[in-house]
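**Q** What follows is a structure written as structure tokens; I'll ask about it next.
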Amino acid sequence: MTTTQRPVQMGLPRVRPRAGMSAADRPEVPELVDRFGRVARDLRVSITEKCSLRCTYCMPAEGLPQIPRERLLSVAEIVRLVRIAVTDLGVREVRFTGGEPLMRHDLEEIVAGCAAAVPGVPLTMTTNAVGLEHRARGLVAAGLSRVNVSLDSVDRAHFAELTRRDRLPAVLAGIRAAARVGLTPLKVNAVLMPETLAGAADLLQWCLDEGCRLRFIEEMALDADHAWDRDSIVDAARLLDVLGGRFTLHPVEREDPASPAEEWLVDGGPATVGIIASVTRNFCDACDRTRLTAEGTVRSCLFSDDEVDLRAGLRSGATDAELAAQWRAAMWDKWAGHGMDSAGFEPPRRSMGAIGG
Ligand code: SAM
Ligand code: SF4
């Protein structure tokens, strides 16, 4: 067995393309298939590296180096790539992310352009909700379907410590505004780590009171400071222990076995709380994601720094068919798994905020 074929704990090899399987082995299908039989249908589009917060598990304290404006995709370029993804490559859902998507003043234009280009396709956004209070209505009018909001604590001092910014009131106002204008079902995502465990029950209570669906996601090795440590992962059992001190939890049968979240009914339901165990029970074998970075590269996996540049083609007259072919080739080379749970794991160069989570 070569080092590139080393199995990881979950049975998936973290491999680069297998020897003997070349680009020529790719079947002639329009969709974004890879060598392991997966098909990417879910597109994450990062539109900026800028952010209003500095979450310790994501960004360095000083923020990410600024991308010169001319290197960022324009509204028209984003809309074109989204249209190609949907009409030529079989993508079925588009999620805007970053950095913080609300940092782009032309976000409404991007959403409206995509809504016109791919009518009927859900357009969603992952956001920290800072400033959403004032833009939620306009985003719905532009065609946004839903939002996922990231929130790790409802304790103001603790929130400020985790995000290095005292913006909890703005976040809560943003979530409420989004719910009021119908950006629902509204999911709240919290990163599960030792620092967030103590406030987890209060966060769940807040989400229950506000009618939001809370999901905890295990911390991944995607922090800019490279401080992630496998040994400090808080697993589902520990979280359930903590939440069980205040709530009665019963596991819900998964409707969709490919869904990364395991759900528990809270106090008999109908409310639920979810856990996305991306490290300890990874779901790489069911991964259906493809990513575009803010600079217009295709990233087939969060953890693979091998990116394929579409911006050069976009700016030098490439046809839709040529861009689609480049995108297909990039996804054919997708790794089997991230390998975070394996010995010798090395984090990618880009952090979560620089990729687009
Ligand atoms: N700024 C937006 C936000 O926070 O929702 C969108 C971008 S953010 C990079 C997307 C998601 O990645 C957030 O839910 C955030 O909590 C998550 N995230 C960032 N760093 C992470 C890490 N090291 N492990 C797990 N999730 C992380
Ligand atoms: Fe910003 Fe989102 Fe990263 Fe927090 S997780 S620093 S809000 S990009």
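**Q** Would you mention how many residues in the stretch 286-297 are crowded, with 18+ Cβ neighbours inside 10 Å and small (Gly, Ala, Ser)? Even if it seems obvious, please write down each step before you answer.
**A** First, pick out the residues of the stretch 286-297 that are crowded, with 18+ Cβ neighbours inside 10 Å: 287, 289-294, 296-297.
Now restrict to residues that are small (Gly, Ala, Ser): 294, 296.
Residues in the stretch 286-297 being crowded, with 18+ Cβ neighbours inside 10 Å and small (Gly, Ala, Ser): 2 in total.
**Q** Which condition number in (1) among the small types (Gly, Ala, Ser); (2) touching a Lys or Arg at 6+ places or on another chain (Cβ under 8 Å); (3) within 16 Å of ligand 2 (Cβ to nearest atom) is the one that Ala117 fails?
**A** Result: Ala117 fails condition (3) only.
**Q** Applying the selection to the stretch 136-147, what residues are buried (at least 21 other Cβ atoms within 10 Å of the Cβ) and not in a helix (DSSP H, G or I)?
**A** Leu144, Val147, listed by residue number.
**Q** Looking only at residues that are in contact (Cβ under 8 Å) with a residue 60 or more places away in the chain and within 12 Å of the chain's Cα centre (by Cα) in the stretch 91-108, which one is surrounded by the most Cβ atoms within 10 Å (Cβ to Cβ)?
**A** Once the filter is applied, the top-ranked residue is Gly98.
**Q** On to the next question. When you check Arg180 against the structure, is it of a type in the set (D, E, K, R) and in contact with a helix residue (DSSP H, G or I) (Cβ under 9 Å, 6 or more places away or on another chain), yes or no?
**A** Taking the combined requirement at face value, the residue satisfies it.
Conditions (1) buried (at least 18 other Cβ atoms within 10 Å of the Cβ); (2) touching a residue at least 24 places away in the same chain (Cβ under 8 Å); (3) of a type in the set (Phe, Trp, Tyr), marked per residue:
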{"site": "Cys284", "(1), (2), (3)": "yes, yes, no"}
{"site": "Phe303", "(1), (2), (3)": "yes, yes, yes"}
{"site": "Glu322", "(1), (2), (3)": "no, no, no"}
{"site": "Arg328", "(1), (2), (3)": "yes, yes, no"}
{"site": "Trp332", "(1), (2), (3)": "yes, yes, yes"}
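**Q** Residue check: is Met21 at pLDDT below 95 and farther than 21 Å from Arg299 by Cα? Give the derivation first.
**A** Details: at pLDDT below 95: yes; farther than 21 Å from Arg299 by Cα: no.
Judged against the criteria, Met21 is not a match.
**Q** Which of the residues spanning the stretch 134-169 are more than 23 Å from the chain's Cα centre (by Cα) and closer than 15 Å to Thr56 by Cβ?
**A** Selection gives Ala157, His158, Asp166.
**Q** Filter the stretch 335-357 down to the residues that are away from ligand 2 (no atom under 16 Å from the Cβ) and within 21 Å of Thr126 (Cβ to Cβ), then identify the one that is modelled with the highest pLDDT.
**A** Applying the filter and picking the extreme gives His338.
**Q** Turning to a different aspect of this structure: Taking Leu265 as the residue in question, decide whether it is surrounded by fewer than 19 Cβ atoms within 10 Å (Cβ to Cβ), over 21 Å from the mean Cα position of the chain (by Cα) and of a type outside the set (D, E, K, R). First the steps, then the outcome.
**A** Values: surrounded by fewer than 19 Cβ atoms within 10 Å (Cβ to Cβ): yes; over 21 Å from the mean Cα position of the chain (by Cα): yes; of a type outside the set (D, E, K, R): yes.
Against the criterion (surrounded by fewer than 19 Cβ atoms within 10 Å (Cβ to Cβ), over 21 Å from the mean Cα position of the chain (by Cα) and of a type outside the set (D, E, K, R)), Leu265 qualifies.
Conditions tested, residue by residue: (1) of a type outside the set (Asp, Glu); (2) in a strand (DSSP E or B); (3) surrounded by 17 or more Cβ atoms within 10 Å (Cβ to Cβ).
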position: Ala179; (1), (2), (3): yes, no, yes
position: Thr184; (1), (2), (3): yes, no, no
position: Glu195; (1), (2), (3): no, no, yes
position: Asp202; (1), (2), (3): no, no, no
position: Asp209; (1), (2), (3): no, no, no
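**Q** To continue, here is another question. Return a yes/no flag: does the stretch 240-249 have any residue that is surrounded by 14 or more Cβ atoms within 10 Å (Cβ to Cβ) and either of a type in the set (Asp, Glu) or under 20 Å from Phe303 (Cα atoms) (or both).
**A** Taking every residue of the stretch 240-249 in turn, none turns out to be surrounded by 14 or more Cβ atoms within 10 Å (Cβ to Cβ) and either of a type in the set (Asp, Glu) or under 20 Å from Phe303 (Cα atoms) (or both).
**Q** Scanning for something surrounded by 18 or more Cβ atoms within 10 Å (Cβ to Cβ) and of a type in the set (D, E, K, R), does the stretch 153-164 turn up at least one residue?
**A** no
**Q** State the number of residues belonging to the stretch 211-225 that are part of a loop (DSSP other than H, G, I, E, B), within 16 Å of ligand 2 (Cβ to nearest atom) and at pLDDT 80 or above.
**A** Qualifying residue count for the region: 2.
**Q** If you don't mind, another one. Do you know which residues across the stretch 111-129 are surrounded by fewer than 24 Cβ atoms within 10 Å (Cβ to Cβ), touching a strand residue (DSSP E or B) at 6+ places or on another chain (Cβ under 8 Å) and not polar (S, T, N, Q)?
**A** So the first thing to find is which residues in the stretch 111-129 are surrounded by fewer than 24 Cβ atoms within 10 Å (Cβ to Cβ), and the list is 112-113, 115-124, 126.
Next cut, touching a strand residue (DSSP E or B) at 6+ places or on another chain (Cβ under 8 Å) only: 115, 118, 121-124, 126.
Those that are surrounded by fewer than 24 Cβ atoms within 10 Å (Cβ to Cβ), touching a strand residue (DSSP E or B) at 6+ places or on another chain (Cβ under 8 Å) and not polar (S, T, N, Q): Ala115, Val118, Val121, Pro122, Leu123.
**Q** Does the stretch 66-104 hold any residues that are touching a Cys at 6+ places or on another chain (Cβ under 6 Å) and within 16 Å of ligand 1 (Cβ to nearest atom), and which are they?
**A** Residues satisfying the conditions are Gly99, Glu100.
**Q** Ok, one more. If you take just the strands (runs of 3 or more DSSP E) that sit entirely in the stretch 227-294, which of them hold at least 1 residues that are charged (D, E, K, R)?
**A** Once the strands (runs of 3 or more DSSP E) in the stretch 227-294 are filtered for at least 1 residues that are charged (D, E, K, R), what remains is 261-266, 289-292.
**Q** Out of the residues in the stretch 50-90 that are away from ligand 2 (no atom under 16 Å from the Cβ), surrounded by fewer than 15 Cβ atoms within 10 Å (Cβ to Cβ) and without any contact (Cβ under 8 Å) to a residue 24 or more places away in the chain, state the one that is farthest from Leu168 (Cα to Cα). Steps first, answer last, please.
**A** Initial filter on the stretch 50-90 (away from ligand 2 (no atom under 16 Å from the Cβ)): 68-71, 73-90.
Among the residues that remain, those that are also surrounded by fewer than 15 Cβ atoms within 10 Å (Cβ to Cβ) are: 68-71, 76.
Restricting the remaining residues to those that are without any contact (Cβ under 8 Å) to a residue 24 or more places away in the chain gives 68-70.
Details: Pro68: 30, Arg69: 29, Glu70: 33 Å.
In this case the residue turns out to be Glu70.
The values are calculated or read from the model by the stated rules, or taken from the named source; none is laboratory data. Since the model is a prediction, treat every value here as computed from it, not as a measurement. A quick note on method: Cβ atoms are made from the backbone with ideal geometry, for glycine too, and the neighbour counts reach across all protein chains shown.
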